[in-house]
Amino acid sequence: MNPSATEPPPYPRLFEAILLARHSVRAYAPDELDRNTIHALLNAAVHAPTAMHEEPWAFVVVQNKPLLKQLSDLAKPFFIERLHHSPQAGSHAIDRFADPAFNLFYDAGTLILICAKLSGPFVEADCWMAAENLMLSAVAAGLGTCVIGSSIEALNTRIAKEKLDIPAEFKVVAAMIVGVPRGETAVTDRKAPFVLAWK
Ligand SMILES: Cc1cc2nc3c(=O)[nH]c(=O)nc-3n(C[C@H](O)[C@H](O)[C@H](O)COP(=O)(O)O)c2cc1C
């Protein structure tokens, strides 16, 4: 197809479609993600902007289901403790996390952690930017993702880092599950941008 002068070029349209299609997926088909697919996601992640070109990120991929369950069981009490101190958290949220059947990773087959190896002022920003690249790339590949922030505190404990072979000098910054979505999930809406000032 030849783009006409009145038609926008195809790339921005494709990008907008991917951007608007991204949403958190919390139900996954049992399909395993292969190594090539995961390498493609990691490759997308490392193309994120990075302060002072530090590229502080390092990745951990967890596809071992019993280990994912162990990590979920380890993380839930940490997050319940957080919820107890959060004025916004209702008792239903606490009950959900306390349910032994609830898996913090929604039974997804793949968890990707983005760790930072340096302690510069922007390493966390770098890792979260890499996370967004990864998630948008997953949408382009027909995959679903969900950030699991509730796991991060526990993943930084000595016991979790030992289980995951994460050296002490690294910290887990971002945690995302990835997989083939099971069923459809509605995209959530957003408020219009609130412009505080425009001078
Ligand atoms: C920093 C961060 C932490 C999050 N942690 C969790 C989590 O622990 N569990 C979960 O189900 N969703 C988590 N989410 C997903 C949000 O709930 C979700 O992005 C939000 O409801 C908007 O929905 P959408 O992603 O479908 O647009 C997290 C998102 C972010 C950005």
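Evaluated against (1) under 27 Å from residue 102 (Cβ atoms); (2) within 16 Å of the ligand (Cβ to nearest atom), residue 17 falls short on exactly one condition, (1).
Quick check on this structure: which one of 140, 197, 131 is more than 12 Å from the ligand (Cβ to nearest atom), within 25 Å of residue 21 (Cβ to Cβ) and out of contact with any Asp or Glu (no Cβ under 7 Å at 6 or more places or on another chain)?
Details: 197 fails: within 25 Å of residue 21 (Cβ to Cβ); 131 fails: more than 12 Å from the ligand (Cβ to nearest atom).
Answer to the selection: 140.
Answer with yes or no whether residue 7 is over 24 Å from residue 155 (Cβ atoms) and surrounded by fewer than 14 Cβ atoms within 10 Å (Cβ to Cβ). Yes; evaluated as a whole, the condition is true for this residue. Considered as a group, the residues in the stretch 143-159 that are assigned to a helix (DSSP H, G or I) and more than 15 Å from the ligand (Cβ to nearest atom) include one that is most open to solvent (accessible area, probe 1.4 Å), and that residue is 158.
From the list 180, 187, which residue is out of contact with any helix residue (DSSP H, G or I) (no Cβ under 6 Å at 6 or more places or on another chain) and either closer than 20 Å to residue 104 by Cα or crowded, with 19+ Cβ neighbours inside 10 Å (or both)? Steps first, answer last, please.
Working: 187 fails: either closer than 20 Å to residue 104 by Cα or crowded, with 19+ Cβ neighbours inside 10 Å (or both).
The conditions single out 180.
Restricting the stretch 160-190 to residues that are farther than 26 Å from residue 137 by Cβ and without any contact (Cβ under 8 Å) to a residue 12 or more places away in the chain leaves a set whose member that is nearest to the ligand (Cβ to nearest atom) is 161.
The values are calculated or read from the model by the stated rules, or taken from the named source; none is laboratory data. Source: prediction; values computed, not measured. All Cβ positions, glycine included, derive from the backbone under ideal geometry; neighbour counts span all protein chains shown. For the accessible areas, the whole protein counts, side chains as well, though only heavy atoms, and no ligand, DNA or RNA atoms are used. Shrake-Rupley method; radii C 1.70, N 1.55, O 1.52, S 1.80 Å.
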